[in-house]
Amino acid sequence: MRRLASNLPLVLWYPGRGEFQKLAKSFECDCACAYTPCAEYAPVDLVGAWRAVETQGLLFSDGWQGLFVPGGSIPLVVLNQSAYQLWTRFPQTQNIDSLNLTEEETQAALEMASAGLLVPQTNQPSTFNLQHSAFLSAWLHLTDRCNLRCAYCYLPHVSEDMSAETGRAAVDATFRSALAHGYKQVKLKYAGGEPLLRSPLIVELHQYAQQLAEDNDLELDGVVLSNGTLLTAEIITNLQSHNLRLMISLDGMDDWHDTQRPYAGGRGTFKDVAEAVELALDYVLVPHISITVSGRNAEGMPEIIAWVLERDLPFSINFYRQNDLSARYEDLKLEEEKIIAGMMAAFDVIENNLPEYSLLASLTDRANLSVPHMKTCSVGQDYLVFDQNGRVAKCQMNMNEPVADVYAEDPLQLIRADQLGVQNISVDEKEGCRDCQWKYWCAGGCPLETYRATGRYDVQSPNCNIYKAIFPEVLRLEGLRLLQQAGELA
């Protein structure tokens, strides 16, 4: 983006007019979550009467003003002083023609309307519509076996593997539902346990899925969710040759990681995981790094974030979720002050090393700030989880409550119709969320986490205070990143 003279109105926003579909892929999380944001932007015709929307201000250096738009199509718009003064000319409805705008001001007003800062007199949102996910995502639980014993793991680690026959049936079932519901794309997440214990099966199933995708004119995406310790050059080459991506879990530097993710025998895994990341980079396979924050490792967040940014790695921060197997570890719990302090310290590191890409979808657990949404994740709507025996559940943390199996004609329809398991309801139905300015960006948090803490699905997340504390800082970082990309950051 070229630098403009300071007396001309300059409007910076993300994802930016016409850029969303190109960048939506980068929003997608490669960790265990299922959420795939999808949006549709309609063209803006800047005629007639328009007015400013309600916003929350964030002041940046050198007179730049950030505006958070609670009900808009994107969360943050950054204006220079000239553009901000133009925006303040719309406190009530104004007819565009009566303002006698210059060519530069008209262009800036058009950007504001496209970003949702200005709305037409009718008060009908005309620039943005929420859509169902373009992806149908499926989690394939290739094995329950694992060579690690992570403190927060929800799996019993029984010695059971998915057979090739069951795996193919799961892929078939996924494609049947994708075609039945009009999806254009399928995403397969090869998981476990540790899926690299079943590396040949990953290749076999993905080759099979690639043929089905070609036969049915569907796009296919695939990612392997791994602890990284078993990664070899041969495995990397196989992943690359089959167009598979890689997610590696890494929770901190040295002991900060080892305290949560040791081997089954108790030895730390950090050194081996870090070497796996470097090996992948040597072969030009850039892994997505999944960082789980708990009470044990929150203080170590700055160091791991610095390490990740130094290598320009995509990453996501996820909050620990208590489960039946981890409940005995009291020190994992998300004590609010400790988690907030750790996150703020990590944000200081990011501010001094701003990446070129947006972190709106990376820093806030399941509360994705990249695009407004009504539900936290795709569970119950656009997501299938197949366990090692071919049973189908709504969520990988809820595999003990299957709804169907691989032989169902349309397992997704059964998932959507189920009223007994986890209920991923709209944020508008959640007590404590309805009047919150963050509701369409947070969507109320993980439904399973909320239910475990409260016994209800229709209330706000137990992590609500943490979210509200860090959201403004995440937006501030995004504003600084936008200014840096525009060449306007001192």
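Could you pull out the GluC sites (Glu not before Pro) across segment 411-455 that fall in loop regions by DSSP (anything but H, G, I, E, B) with no more than 13 other Cβ atoms inside 10 Å?
For GluC sites (Glu not before Pro) across segment 411-455 that sit outside H, G, I, E and B with at most 13 neighbouring Cβ atoms in 10 Å, the list is empty.
Given the chain, what percent of its DSSP beta bridges are antiparallel, to the nearest 5?
Rounded to the nearest five, the antiparallel share is 45 percent.
Could you work out the equivalent-ellipsoid semi-axes for segment 77-213, taking the square root of 5 times each eigenvalue of the Cα gyration tensor, largest first, in whole Å?
54, 19, 13
What is the order of 410, 348, 217, 161, fewest Cβ neighbours within 10 Å to most?
Neighbour counts put them in this order, fewest first: 217, 348, 410, 161.
On C-alpha positions alone, give me the angle between the axis of helix 103-115 and the longest principal axis of the chain, in degrees, nearest 10.
40
Helix 464-485 versus the longest principal axis of the chain: what is the Cα-based angle in degrees, 0 to 90, to the nearest 10?
70
For 473, 234, 111, what ranking results if the residue with the fewest other Cβ atoms within 10 Å of its Cβ goes first?
Least crowded to most crowded, the residues run 234, 473, 111.
Nothing charged except the Cβ atoms of Lys and Arg (+1) and of Asp and Glu (-1): what's the magnitude of the dipole of segment 134-384 about its Cα centre? Round to the nearest 20 debye.
Here segment 134-384 has a charge dipole of around 620 debye.
Sort out for me the Cα centre separation of segment 56-107 from segment 412-471, rounded to whole Å.
Centre-to-centre distance over Cα atoms comes out at 32 Å.
Given 115, 320, 279, which one lies farthest toward the positive end of the charge dipole of the chain, if we put +1 on the Cβ of every Lys and Arg and -1 on the Cβ of every Asp and Glu?
Projecting each Cα onto the dipole axis, the largest value belongs to 115.
With no solvent and one point per C-alpha, what does the Debye sum give as log10 I(q)/I(0) for segment 403-490 at q = 0.19, 0.21 Å⁻¹?
These q points yield log10 I(q)/I(0) values of -0.87, -0.96.
Mind checking which lysines have their Cα closer than 17 Å to the Cα of residue 468? Skip sequence neighbours fewer than 8 apart in that chain.
Leaving aside lysines fewer than 8 places away in the same chain, those within reach of residue 468 are 338, 430, 439.
Per the helix-only calculation at 222 nm, which mean residue ellipticity applies to the chain, given -39500 (n - 2.57) for every DSSP H run of n ≥ 4 and division by its residues, nearest 500 deg cm²/dmol?
My calculation for the chain gives -9500 deg cm²/dmol from helical runs alone.
For mean projected area of the Cα convex hull in nm², which listed value, (i) 31.1; (ii) 22.6; (iii) 35.0, comes from the coordinates shown?
The value matching this structure is (ii).
Let me know the shape class of segment 244-350, please: from the alpha-carbon gyration tensor, a ≥ b ≥ c as square roots of the eigenvalues, rounded when a/c is under 1.5, otherwise prolate if a/b is greater than b/c, or oblate.
It is oblate, given that a/c is not under 1.5 and a/b is not larger than b/c.
Tilt of helix 199-215 relative to the longest C-alpha principal axis of the chain, in degrees (0 to 90, nearest 10)?
Orientation of helix 199-215: about 50 degrees from the principal axis.
As an exercise, identify the trypsin sites (Lys or Arg not before Pro) in segment 185-285 lying in DSSP coil whose Cβ has no more than 13 other Cβ atoms within 10 Å.
Here the trypsin sites (Lys or Arg not before Pro) that fit, given the DSSP loop and packing criteria, are 267.
At a threshold of 8 angstrom on Cα-Cα distance, excluding pairs fewer than six apart, so keeping six or more, what relative contact order does segment 134-384 reach in percent?
19
Let's see if you can work this out: charge +1 on each Lys and Arg Cβ, -1 on each Asp and Glu Cβ, no other charges. What is the dipole magnitude of the chain about its Cα centre, in debye to the nearest 20?
Roughly 600 debye for the chain.
Provide, in order from the shortest bin, the percent of all Cα-Cα pairs of segment 134-384 in each 5 Å bin, continuing until the bin that contains the maximum pair distance.
Percent of Cα pairs in each bin: 1, 6, 12, 16, 18, 18, 15, 8, 4, 1, 0.
Roughly speaking, what is the centre-to-centre gap between segment 166-182 and segment 342-395 when only Cα atoms are used, to the nearest Å?
The two parts, judged by their Cα centres, are 24 Å apart.
Have a look at 163, 298, 253 and report the one farthest towards the positive end of the charge dipole of the chain, computed about the Cα centre with Cβ charges (Lys/Arg +1, Asp/Glu -1).
Of the options given, the answer is 298.
Can you put 163, 249 in order, fewest other beta carbons within 10 Å first?
Placing the least packed residue first, the sequence is 163, 249.
A short reminder: the numbers here are calculations on the coordinates, not readings from a lab. Keep in mind that what you see is a predicted model, and the values were worked out from it rather than measured. Counting neighbours? That spans all protein chains shown, and the Cβs are built from the backbone with ideal geometry, glycine included.
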